[in-house]
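Participant: Below are the structure tokens for one structure; questions will follow.
The values are calculated or read from the model by the stated rules, or taken from the named source; none is laboratory data. Fair warning: this is a prediction, and the values are worked out from it, not measured in the lab. Because the Cβ atoms are built from the backbone with ideal geometry, glycine has one as well, and the counts that use them run over all protein chains shown.
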Amino acid sequence: MTDHTTHRQHPVGTGFTAASTTDDVLAGLDLSGTNAVVTGGHNGLGLETTRALAGAGAAVTVASRDPDRAAAKLAGIARVETARLDLLDPGSVDAFAARYVASGRPLHVLLNNAGLMGGPLVRDARGYESQFATNHLGHFQLTLGLLPALRAARGARVVNLTSGGHRLSGIRWDDPHFSTGYDDMGMLGYGQSKTANVLFAVELDRRWAADGIRGYAVHPGIVVGTELGPWRTAGGEPRTPWMGDEALRAIGLIDDSGRPVIDPGREKKTLQQGASTSVFASTSPALAGIGGVYLKDNDISPLDEAPEPIDFATEQHPPATVVPHAVDPGSARRLWELSERLLAG
């Protein structure tokens, strides 16, 4: 590939590493006057992201399906408010965006953080596969709805939480909602949704950079205990972890005592290390004038132009560098158009 988008995928030498924390990347930055929205900002990586941004002076709106539950988890953190948002409910997404725009506040950072990972096939009320509908389509709709507030910031960043799991699948253009081919663990659906997160950032940046709005996709690393997983089983039971302790132990994510293995150079991170790249993408001066890129370890990822097949269910050290199908500009434009059609019904 020779397009400008892939040529952007070169590290810029930020001075941060895989082991850097949220506090490291925010050192010396004053975010007073910055408004941020963080979807799912009350759990796991989202909670640490909210804590870090608010601690540096930002005013943070945490979007959650259960604002009261979110508020309880955020108690004691200054400059944080909660608001209802269900990414699988188009009416809820529109209502959240309308309320925020009507408030008159510019939006400097939109962090599309919430998501699902794996599990049985679940469809939303429209018949859309839930990982694609939540991880990508709901955030796409939200971002479009918040465009007036992003423009009003006169310099805004949209940060999509993706994953090295994007390497598992491109976009299934003829069957994005899996009328066939859904695997038992749901990882192809997850991979497709994570590719969508990257492509969305690429095309958003192309369309909106002239308005001062830049797009980024962030791989956080592997963090055990983030509650990432399906919201419910196919039978409607409450959410359970998509992988049990035996499976996590087999791929080296927890030790014999059940404690997380921390090895940031091999993607295994603490919450503070995992959330650091989201915070870096949201705030770092090192990214001024740069957008439409996939980030990992607090820098721009190089491009893996010859990726090998991997099995995330068994791989001890899965690669997470970005691959060509996730930054292809033609695919990015095609996904934007597909997403608009899906929202229109």
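Participant: Go through Gly119, Gly127, Gly76 for me and flag whichever is buried (at least 24 other Cβ atoms within 10 Å of the Cβ), out of contact with any helix residue (DSSP H, G or I) (no Cβ under 8 Å at 6 or more places or on another chain) and not in a helix (DSSP H, G or I).
Facilitator: Every option except Gly119 fails the conditions.
Participant: Looking at (1) crowded, with 16+ Cβ neighbours inside 10 Å; (2) of a type outside the set (Val, Ile, Thr); (3) on the phi > 0 side of the Ramachandran plot, which is the one condition that is false for Ala114?
Facilitator: All conditions are met except number (3).
Participant: Going residue by residue through segment 270-289, is there one that turns out to be over 22 Å from Leu110 (Cβ atoms) and modelled with pLDDT under 95?
Facilitator: Yes, that holds for at least one residue.
Participant: If we keep just the residues of segment 248-269 that are crowded, with 19+ Cβ neighbours inside 10 Å and assigned to a strand (DSSP E or B), which is modelled with the highest pLDDT?
Facilitator: Lys268
Participant: Here is a follow-up. Is it the case that segment 179-188 has a residue that's crowded, with 21+ Cβ neighbours inside 10 Å, of a type outside the set (A, V, I, L, M) and farther than 17 Å from Gly291 by Cα?
Facilitator: yes
Participant: Still on this structure, I have one more. Are any of the residues in segment 143-150 free of Cβ contacts under 8 Å to residues at least 60 places away in the same chain, surrounded by fewer than 22 Cβ atoms within 10 Å (Cβ to Cβ) and either within 21 Å of Thr49 (Cα to Cα) or under 15 Å from the mean Cα position of the chain (by Cα) (or both)?
Facilitator: No, segment 143-150 contains no residue that is free of Cβ contacts under 8 Å to residues at least 60 places away in the same chain, surrounded by fewer than 22 Cβ atoms within 10 Å (Cβ to Cβ) and either within 21 Å of Thr49 (Cα to Cα) or under 15 Å from the mean Cα position of the chain (by Cα) (or both).
This table checks each residue for (1) more than 19 Å from the chain's Cα centre (by Cα); (2) of a type in the set (Phe, Trp, Tyr); (3) at pLDDT 95 or above; (4) part of a helix (DSSP H, G or I).
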{"site": "Asp311", "(1), (2), (3), (4)": "yes, no, no, no"}
{"site": "Pro319", "(1), (2), (3), (4)": "no, no, no, no"}
{"site": "Gly330", "(1), (2), (3), (4)": "yes, no, yes, yes"}
{"site": "Trp336", "(1), (2), (3), (4)": "no, yes, yes, yes"}
{"site": "Ser339", "(1), (2), (3), (4)": "no, no, yes, yes"}
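Participant: Continuing with the same structure: Is it fair to say Thr226 is polar (S, T, N, Q), under 21 Å from Thr61 (Cβ atoms) and modelled with pLDDT under 95?
Facilitator: yes
Participant: Something else now. Say whether the condition of being in a loop (DSSP other than H, G, I, E, B) and modelled with pLDDT of 75 or more is met by at least one residue in segment 194-204.
Facilitator: No; the residues of segment 194-204 include none that is in a loop (DSSP other than H, G, I, E, B) and modelled with pLDDT of 75 or more.
Participant: Between residues in segment 67-88 that are on the phi > 0 side of the Ramachandran plot and residues that are among the aliphatic types (A, V, I, L, M) and at pLDDT 95 or above, which pairs lie under 8 Å by C-beta distance while being six or more apart or on different chains?
Facilitator: Filtered contacts from segment 67-88: Arg79/Ala54; Arg79/Ala58; Arg79/Ala59; Arg79/Val60.
Participant: What is the one condition in (1) more than 28 Å from Leu295 (Cα to Cα); (2) over 19 Å from the mean Cα position of the chain (by Cα) that Pro106 does not satisfy?
Facilitator: For Pro106, the exception is condition (1).
Participant: Within segment 104-130, work out how many residues are in contact with a Gly (Cβ under 6 Å, 6 or more places away or on another chain), over 18 Å from Ala36 (Cβ atoms) and either at pLDDT 95 or above or not hydrophobic (A, V, I, L, M, F, W, C) (or both).
Facilitator: The number of residues fulfilling the criteria is 3.
Participant: If I ask for residues that are in contact with a helix residue (DSSP H, G or I) (Cβ under 7 Å, 6 or more places away or on another chain) and outside any strand (DSSP E or B), which ones from segment 45-73 would you list?
Facilitator: Those that are in contact with a helix residue (DSSP H, G or I) (Cβ under 7 Å, 6 or more places away or on another chain) and outside any strand (DSSP E or B): Leu45, Leu47, Glu48, Thr49, Ala52, Leu53, Ala56, Lys73.
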